[in-house]
Amino acid sequence: MSAPLLSNVAARRVFLDRHALLETPQGPADSPSLLALIERLGFIQLDSINTVARAHDLILFARKPRYRTDDLKRLYERDKGLFEHWTHDAAMVPLSYYPNWQMRRTRDATKLRKQWRNWRRDGFEEQLQTVLDHIGTHGACGSSDVGKGEKRGSGGWWDWHPSKTALEYLWRSGALHVVGREGFQKRYDLAERALDTDVWARNEAPSDAQTIDWCCSGALDRLGFASSGEIAAFWAHVTATEAKAWCADALRSGDIEEIEITGADGTIKRGFARPDILTDQSIQQSATNRLRVLSPFDPALRDRKRAKFIFGFDYRIEVFVPEAKRIFGYYVFPLLQGERLVGRVDMKAFRAEDTLRIRALWPEQGVAWGKGRQDAFEAELDRIKRLAGVSKVAFEDGWLRPSMHHQFG
């Protein structure tokens, strides 16, 4: 029997809806509204690069234009609505999900001891109790407050001093909890002191089987449709084998079905979805025509292969590419309009000059950059500059570039 077929238009609409990008961005950015949005997305990736705004701020701003950076800090530090931990990378996660990280913390406790010992973080295990005792006595601290006298390098993850490594290990494995940040530096406290008793209680944590079900079910609901590998990668808690087994069980029980999804180039891929996917209300809803700047770490773009399949948008962040080998630029922002990714822009806020400088913009192939699209772009820049903390926008000479046919390896 043939599987239900999801057209490319339908796939785009379902995908955009699940990532809160189908509707017009609007509404308040108070703590309840932000928390509801983050629950809908699952988590918000953190990143320190601030050429225009940090990734987590731009992710929220793209969906809530009233958002300002203090709103997330308030939800996190004052209202205690979020916690920090890892998915595929560092992330902010709704605090109600904390028990579902117990499997990850337990697995990290074993995995990281071996990995970090092998990566020459010499002596970090000998500092574990010392760090716990220091925080127990002195309260929440940062990495600069521990390991006095220890050798310190450049500050990169590969060059932590042993006590910094101990802090990170104790956080990742659950003994410590990040309670806030000063600048972008984490502050750690004892988990049992930082968390309410009902959140902290380990005996209330779900079993591994329950966690795997929660992760896989929640991933599929937030992706709309996915392969077992994409389901495993969403939270990065479960293994590919565990996700594959979950899909097989859910298929037998009728909780999911196999479907076919049409890519931007007409190719067909198989995946899984809920049985009612073809009648999903998002399929009947056209996307807003609002042009939006997306973070390179936006959840809609995190899986580059998926974005290329659905939208035909081939994207790579070139931060770690030598300048001479970059195709576009150091930190280039994708542009979403309607149901298409219409271009990418290289821009940077020069705060000392109070100016957002537009260095280059490349429309995607087949996208006409006429007056209407330029007006929409300038309207978005007018919004973005306020988030970036500047009051002016300047277009550098030759900023509008021709479309390029490119294929990242």
Tell me the carbon and sulfur percent of the accessible area for segment 249-295, rounded to whole percent, probe radius 1.4 Å. 44
Label model pair Q185, V199: point-to-point distance (7 angstrom along the Cα→beta-carbon line) in nm is 2.4
Carbon plus sulfur fraction of accessible area for segment 312-409, probe 1.4 Å, in percent: 50
Suppose all protein chains stay in the model; what accessible area per residue would a 1.4 Å probe give for the chain, in Å²? 45
Dividing the Cα convex hull volume of segment 271-409 by residue count, how many Å³ per residue is that? 145
Just to be sure I follow the definition: excluding the sites themselves, where is the longest run in the chain that has none of the trypsin sites (Lys or Arg not before Pro) in a DSSP loop with at most 11 other Cβ atoms within 10 Å? 152-409
Compactness summary of segment 161-261: radius of gyration and Dmax from Cα atoms, Å, are 17.8, 51
Give the residue from Q102, N118, H88 lying farthest towards the positive end of the charge dipole for segment 83-128; charges sit on Cβ (+1 for Lys and Arg, -1 for Asp and Glu) and the dipole is referred to the Cα centre. N118
Quick one: Cα centre-to-centre distance for segment 330-409 and segment 215-290, in angstrom? 32
Which residues in segment 354-374 place their backbone N less than 18 Å from a point set 7 Å from the Cα of E396 along the Cα-to-Cβ direction? 354-363
Expressed in µm² per second, the diffusion coefficient of segment 209-363 from the Stokes-Einstein equation, with Rh the Kirkwood radius over alpha carbon pairs, at 25 °C and 0.890 mPa s, is 138
Could you give me D for segment 41-128, from Stokes-Einstein at 10 °C and 1.306 mPa s, where the hydrodynamic radius is the Kirkwood radius over C-alpha pairs? Units µm² s⁻¹, please. 105
Provide the gained length on full extension for the span Q129 to Q26, in nm with one decimal, where the gain is 0.36 nm per separating residue minus the Cα-Cα distance. 32.3 nm
Output for the chain (equivalent-ellipsoid semi-axes, sqrt of 5λ from the C-alpha gyration tensor, Å, descending) is 36, 29, 20
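The values are calculated or read from the model by the stated rules, or taken from the named source; none is laboratory data. Remember, predicted model here, so these are calculated numbers, not experimental data. Don't worry about glycine lacking a Cβ; one is built from the backbone with ideal geometry, like all the others, and counts go over all protein chains shown. Calculation scope for accessible area: heavy atoms of the full protein, side chains included, ligands and nucleic acids excluded. Shrake-Rupley method; radii C 1.70, N 1.55, O 1.52, S 1.80 Å.
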